[in-house]
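Working notes, structure below.
Please treat every number below as a calculation from the coordinates, not as lab data. Quantities reported herein were computed from a predicted structural model and do not represent experimental measurements. Heads up, the Cβs are rebuilt from the backbone with ideal geometry, glycines too, and the neighbour counts pull from every protein chain shown.
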Amino acid sequence: MARSTFVYVTYIRTTPEKLWSALTDPQFVSQYWFGMTVDCTWKKGSAWKMGFPDGRNSDMGEVLEVDPPKRLVIRWQNEFRPELKAEGPSRCTFELEATADVVKLTVTHEIDRPGSKFITAVAGGWPKVLSNLKSLLETGDTIFKELHS
């Protein structure tokens, strides 16, 4: 089956442990992800939920793989845009690789359908979210204050 895939690679001056914490700590996630909330125990098979600051669900899924601080795989289902929800679940993989004094972070978001509107949407969002993550870890501040700026 044809699939749609988005891959983003960045290098962050941090440790794998600090980056892992930044990806999984709800309070830290909220700082670089525009106030979004995350609820998860980060164990294989556990439910994963992301929500807007006003309490509405945005996305949900399940932790498929967890290998701290190296790899995290989430089944990801959009919940707030009907045309994206209709495409079904996607898969998001975070891979962390230490190289000298930086960590290479690779985020791969994919879905088993060609021409996915969902993957087009995340291709616009991930660069801002991950740029904020990198900036926050390296400088203590984010560069984007709103997703649509």
What does the charge count near Leu96 come to, summing +1 for each Lys or Arg and -1 for each Asp or Glu among other residues with Cβ under 9 Å from its Cβ? +1
Label-zone membership for the range 49-77, site Ala121, 7 angstrom Cα→C-beta point, backbone N under 12 Å: 58-60, 77
Which of Ala22, Gly88, Cys40, positive extreme of dipole for the range 4-139 (C-beta unit charges): Gly88
Computed lengthening from Lys43 to Thr108, 0.36 nm per intervening residue step minus Cα-Cα distance: 21.4 nm
Count the net charge of all other residues whose Cβ sits under 15 Å from the Cβ of Glu62, scoring Lys and Arg as +1 and Asp and Glu as -1. +1
Holding the Cα-Cα limit at 26 Å, pick out from Lys44/Lys117; Lys43/Lys85; Lys18/Lys117; Lys70/Lys128; Lys43/Lys117 the pairs that are longer than that. Lys44/Lys117; Lys18/Lys117; Lys43/Lys117
Dipole moment magnitude, nearest 20 debye, the chain about Cα centre, only Lys, Arg, Asp, Glu C-beta charged: 220 debye
Where labels lie 7 Å past Cα in the beta-carbon direction, separation of Glu97 and Lys70 in nm: 1.2 nm
What does the charge add up to near Val38, with Lys and Arg as +1, Asp and Glu as -1, over the other residues with Cβ less than 13 Å from its Cβ? -2
